[in-house]
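Peer 1: Structure incoming, see below.
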Amino acid sequence: MEKYLYIALFAPLVSSMFSALFTNGAKKQFVGVVASLLIFSAFVSSSILLSNILNGGEVLHVEMMTWMKSGNLYIPFGFVVDQISVTMMMVVTLVSTIVHIYSIGYMDHDKGFNRFFAWLSAFVFSMMILVMSDNFAGLFIGWEGVGLCSWGLIGFWFHKNIATWAANEAFIMNRIADLGMLIGIFLVYWNTGSLQYHLAFPAMAHLDTSTLTMIGIFLFIGAMGKSAQFPLHTWLADAMEGPTPVSALIHAATMVTAGVYLVIRSNELYSLIPNVGLFIASLGAFVALFAASMALVNRDMKRVIAYSTLSQLGYMFAAAGLGAYWVALFHLMAHAFFKALLFLGAGNVMHAMHDELDPFKMGGLKKVMKGTWIMMTIASLALAGIFPFAGFFSKDTILEVAFSEHHMIIYGVLVFTAGLTAFYSFRLVALIFHGEERYKIFGIHPHEAYKFMLIAMSPLLILAMIAGIFQEPFFNMVEEILGAMEYHIHSHVTVWIMLVGTQLFVGLAILFAYKKYYSWGSVPDGSSAMENSFIYKLLYNQYYIPFAYKEYVMKPYNDISAIMWEIDKKVVDASVDGIANAFYLTGEKTRDMQSGNLSTMLKWMVTGLVGLLSLAAVFGIATRYSDEITTILSGLGV
Amino acid sequence: MLEHILSILIFFPALAGVMGFMINKESMRAYGVSVATIEFVLSLLLWFSFDNTVSSMQFMEQLPLIPSFGINYILGVDGISLFIVIMASLFTMIGIASLTETPNVKNMIITLLFLQMTMVGVFTALDGIVFYVFWELSLVPMLYIIGAWGGPMRIYASVKFFLYTFAGSLVMLVGMLFMAYLFYQATGRWSFALFDWYRLVLPENFQLWLFAAFFIGFAIKVPMFPFHTWLPYAHGQAPTIGSVILAAVLLKMGTYAFIRFSLPLFPDASVYFMYPVAVIAIIMIIYTAMVAYAQKDVKQVVAYSSVSHMGVIILGTFALNVEGISGSVFLMIGHGIVSGALFLLVGVIYDRRHTKLMSEFGGLAHIMPKYATIFGIMMMASVGMPLLINFVGEFLSLLGFYAQSHMLTLLAGVAIIVGAIYMLIAYKRMFFGEVTKEENKNLTDVNRRELIALVPLVIISIWLGIYPKPILEPINNSVELVVQTMHNKATTEDAKMRIPNISGVVISKTSMKEDH
């Protein structure tokens, strides 16, 4: 079994290094093919490991070699394949295999084709390190590694200023959170004496609550950065500047869920501190609503999907915060399937529309892009949580959790958000695929994507439809490790009312979206009453948060840095030069004394002599009358 | 030969330098490279013969110089100094090998060989006076390199560099003399031998004054805020090779001396001054990182980033536990490799464009992809990406200091944010975007000579980032000894508590036999 672990882990690395060999050369089709095959082999190995776990095999735990060893600190390159990590491995390798194959078509005309696969496979490798490591430091390697690859892929088209800006924003904002994570790691080490999960978590049971709370909060700050939770969320929408396959893999299915993974992995910790859990759940519910509201009015197709991702991450945190770790993990998995599908579909549309992103400029695309239309519709249904698609099972369970744990506000927010989700998803579908063919105004001739791209997407389509049937086996698998309980509301009537009510509500939201946007005719130009309302503007400008960051964080940082530099030159360095100049000046001013003129010299000699004599006289007198002086001084109170 | 390998390492380059005057100009490069390579091979030999399991000094040599004052020529190397010595010879080698067209190349190579003597001397000397002599001598070649081959303000920069550091070291010399005098008072004989001093337990108030005297000498060298302003001038004016050696090796003299002198000699004072020093380190980290961000000249960015990283090293040193000090020693190596490489990289573009202003570049990744890749790797190493060399040291340093103070570590951790800011923005300005300047359109990518210098550094950065054990283990062993010495010597309650007692470390006979 160990063999498969290493294949799953290192095949992406080999793929990345292989592709990197050709970075500077011209586009080579086989680079993409080889990379896809290697990632596929990682998928196969992960599947074997999964079947091993499902058949009751032992949890695989290997230590490859020592990484750091100093004092009492011992950090190995250790990897563990248990129920949690194998789930993540499956999600990561499956989606990335599909995205790799898809990218062969999507990046077809790009001159950075080879470089793209090098980065993409490096990302998969980092992600595998992240989910497979058996210690916090290894997790941190993956954590930073995915950040690096995300930087490289968001800024992939580095000639575009806006793309590299977004890349830097993502990296730096993640770094802010990483500091929290790092502090969390330090706390774990100094309090439990180890960074390895199997030693650290059991030791936590003996710590006092305040320490645990600190650990929990700092680790969660790290999770907030990667999973783009408020207030560190702005990078995710800007990250849409990267190529669309990147958005599908990194900013929907895998990397952004790393924060959720961290909370699930640390379930033993968070179970001990329900207050922090409640905070996480509340923040999650807030972000779900907050992000969904921004998605309502946005006119950038990819950003809408990005906000929807953000919103769904909020759902996952709500579940994880309430202690339903397995539900969060299940939603993570289901979400990865339908959201990646949605993004890849959006990629097809972008290709067809020559990188146009405004859905208002599209319309009627279902005639030319039938396959994409079906896929995106089903993905949207799954996202909205319509029975019997994947989202229904995973999202509905989250609602049940909130309900049965008696957190009615969280429950209410999440149900309401479900309606919003349905609305903005189908607003997008209606605007893109139905109605008048507004793209004709812009002289675009759309075409369907390559057939193999659609075929590559089909596994995701199937999973988005049927993933619900895995709920039961999944629960049985992770039950042992996540200490899961099934969330059942005792009264059957309540359950049915909730189910049907939610479905009706969501269905109505979909109908409303269709009604409003099905036959949209014109491209809005900002003159309508709605576009000038306060709420619209607030939402359209993302609550003015990016603006505030620019104005109140970045600008001051620039200014303060400039001031610091001035201080460095004009205060710190100037005082050093001042001291040096004092010596120079003293020399300069006193050199006249040494003019060599005999009478001047004699004059100074006499001055010196008088000075010395008077000093001697003063000291002489002072010694003689020292007792009296002391008495006088003490009398003066000195 | 092995029993005198340290003397050979010190004096071979100097001797070869003297011989160099007789070599004719055309073959000077080849001569310089061969001498530096032999020296490097010798330093590797030192490493292979080094016993990793021994934590005390190895390859010790002793020769009385002025017995009546207890001045002896004592050399030795342990895990802390070994790798800095190797790094010094590595950088001299690749520095000479990658030397660009330089006027008076003969003099330059001879100067570098002399510089190498002083560097190895500083890191192996175990006698106060011998240490001081090498410490001061190292100023001369550097003064010459900046003053003779520097930019337009070279005279100002070199004089400032010389006088500033010289003034600091004089205070340190006074401290050393006083230390020897105290030893004389205690035992009735003079000694400048470090191991004699180690055995001296000083009262706390003496420690405080002596700590301060040594501190000024070391702090200027490091350089610590607010004594750092000579550094931007020195880097700004120095030729590439000067900056590389200055950043990679010479700055480490200060941080090394803290571990070799200040900590074991004055454990109580180290604890007493821990917070103030940590505050200075944090100012270094954040303040200079912000200043680096404000720079327009890429070399100044790297120069200020050096100060910022040195702040983390100082912080790790004053963690006063094994994790922190090991981390700081490791980071000395890491910072040497990374900042040396970054200065070489800046030199690459300066040779082509004769400017270092970032506004003159932009879009270089289109034209010089290999250059952009290597720069990218080194940039990521500099911002502390895991699996690259700097992360290990930074992580351990901060982890170590966390045991002393939560809040200060949190503040120091800002290093990972501000470091990313100035580095990424600088990289974006230089490499991303469209090529706007006509002059940049026909630049050639890195050539073979530049690759000879850069590729080994990239390999080392990755290798030691993934597998730091070969050097972390000996460092760790020697640091354990230092920490145990400190714990044993500490007199105050606070110091005993803050400096951990390492069980299981046997203090082998570290002190020299009293044989005179």
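Peer 1: Calculate the spin-label point distance for A:His445 paired with B:Val174, positioning each point 7 Å from the Cα along the beta-carbon direction, and give it in nanometres.
Peer 2: So the label points at B:Val174 and A:His445 sit 8.7 nm apart.
Peer 1: Could you tell me how many degrees, from 0 to 90 and to the nearest 10, lie between the Cα long axis of helix B:369-382 and the main elongation axis, the longest principal axis, of the Cα atoms of chain B?
Peer 2: Value to nearest ten degrees: 30.
Peer 1: Can you give me the Cα centroid spacing of region B:446-508 and region B:204-240 in angstrom?
Peer 2: Here the answer is 22 Å between Cα centres.
Peer 1: If I fit a long axis through the Cα atoms of helix B:139-149 and take the longest principal axis of the Cα atoms of chain B, what angle between them do I get, 0 to 90°, rounded to 10?
Peer 2: 10 degrees
Peer 1: If you line up the long axis of helix B:105-124 against the longest principal axis of chain B, both from Cα atoms, how many degrees apart are they, to the nearest 10?
Peer 2: Result, in degrees: 30.
Peer 1: Evaluate E = 1/(1 + (r/R0)^6) for A:Val523 and A:Lys111, where r is the Cβ-Cβ distance and R0 equals 22 Å; express this FRET efficiency to the nearest 0.05.
Peer 2: Taking R0 as 22 Å, the efficiency between A:Val523 and A:Lys111 is 0.10.
Peer 1: What is the packing order of peptides B:387-393, B:351-357, B:86-92, taking the mean over residues of other C-beta atoms within 10 Å and listing the highest first?
Peer 2: Ranking, from highest mean packing down: B:387-393, B:86-92, B:351-357.
Peer 1: May I pose another question? What whole-number distance in Å separates the alpha-carbon centres of region A:281-317 and region B:374-422?
Peer 2: So the two Cα centres are separated by 32 Å.
Peer 1: Further question on the same structure: Longest segment of chain A with no GluC sites (Glu not before Pro) in a DSSP loop having at most 14 other Cβ atoms within 10 Å?
Peer 2: It works out to A:59-435.
Peer 1: Please give the FRET efficiency for A:Asn558 paired with A:Lys603, using the beta carbon to beta carbon distance and R0 = 60 Å, rounded to the nearest 0.05.
Peer 2: For R0 = 60 Å, the calculated efficiency reads 0.50.
Peer 1: Further question on the same structure: What is region A:544-638 by shape, rounded, prolate or oblate, if you read a ≥ b ≥ c off the alpha carbon gyration tensor as root eigenvalues and call it rounded for a/c under 1.5, prolate for a/b larger than b/c, and oblate otherwise?
Peer 2: It comes out oblate by the Cα gyration axes.
Peer 1: Measure out, as a whole number of angstrom, how far apart the alpha-carbon centroids of region A:367-409 and region A:134-203 sit.
Peer 2: Spelled out, the Cα-based centre of one part sits 30 Å from the other.
Peer 1: Among A:His233, A:His198, A:His331, A:His406, what is the fewest-to-most ranking by other Cβ atoms within 10 Å?
Peer 2: Least crowded to most crowded, the residues run A:His406, A:His198, A:His233, A:His331.
Peer 1: Go ahead and estimate [θ] at 222 nm for the protein assembly as shown from helices alone: -39,500 (n - 2.57) per DSSP H run with n ≥ 4, summed, over the residue count, rounded to 500.
Peer 2: -23000 deg cm²/dmol
Peer 1: Quick check on the exposure proxy: order A:Tyr536, A:Tyr4 from fewest to most C-beta atoms within 10 angstrom.
Peer 2: Lowest count first: A:Tyr536, A:Tyr4.
Peer 1: Could I have the simple spin-label model distance between B:Ile283 and A:Ser533, label points 7 Å from Cα toward Cβ, reported in nm to one decimal?
Peer 2: Computed distance between label sites B:Ile283 and A:Ser533 equals 5.6 nm.
Peer 1: Compute the Cα gyration tensor for the protein assembly as shown, then decide on rounded, prolate or oblate, letting a ≥ b ≥ c be the square roots of its eigenvalues: rounded whenever a/c is under 1.5, prolate when a/b is larger than b/c in the other cases, and oblate in all that remain.
Peer 2: Note, shape of the protein assembly as shown comes out prolate.
Peer 1: I would also like to ask the following. Within a 10 angstrom radius of the beta carbon, how do A:Val415, A:Val124 rank from fewest other beta carbons to most?
Peer 2: A:Val415, A:Val124
Peer 1: Follow-up. What is the mean number of Cβ atoms from other protein chains located within 10 Å of the Cβ atom of each residue in peptide A:154-164, rounded to a whole number?
Peer 2: Across the residues of A:154-164, the mean count of other-chain Cβ atoms within 10 Å is 4.
Peer 1: Let me ask you something else. Once label points are set 7 Å from the Cα along Cα→Cβ at both A:Tyr544 and B:Val414, what is their separation, rounded to one decimal in nm?
Peer 2: Each label point lies 7 Å from its Cα, and together they span 2.7 nm.
Peer 1: How shielded is B:452-458 by partner chains, expressed as the average number of their Cβ atoms within 10 Å of its Cβ atoms?
Peer 2: Mean inter-chain Cβ contacts per residue within 10 Å come to 0.
Peer 1: Still on this structure, please answer the following. From the Cα gyration tensor of region A:484-581, with a ≥ b ≥ c the square roots of its eigenvalues, which class applies: rounded if a/c is under 1.5, or else prolate if a/b is larger than b/c, or else oblate?
Peer 2: oblate
Peer 1: Not counting the cut sites, what is the longest span of chain B without GluC sites (Glu not before Pro) that DSSP labels loop and that have at most 12 other Cβ atoms within 10 Å?
Peer 2: B:102-433
Peer 1: What does the structure give for A:578-584 when I average, per residue, the other chain Cβ atoms found within 10 Å of the residue Cβ?
Peer 2: Shielding by partners across A:578-584 averages 1.
Just so you know, all these numbers are worked out from the coordinates, no wet-lab data involved. Keep in mind that this is a model prediction, so the values were computed, not measured. Counting neighbours? That spans all protein chains shown, and the Cβs are built from the backbone with ideal geometry, glycine included.
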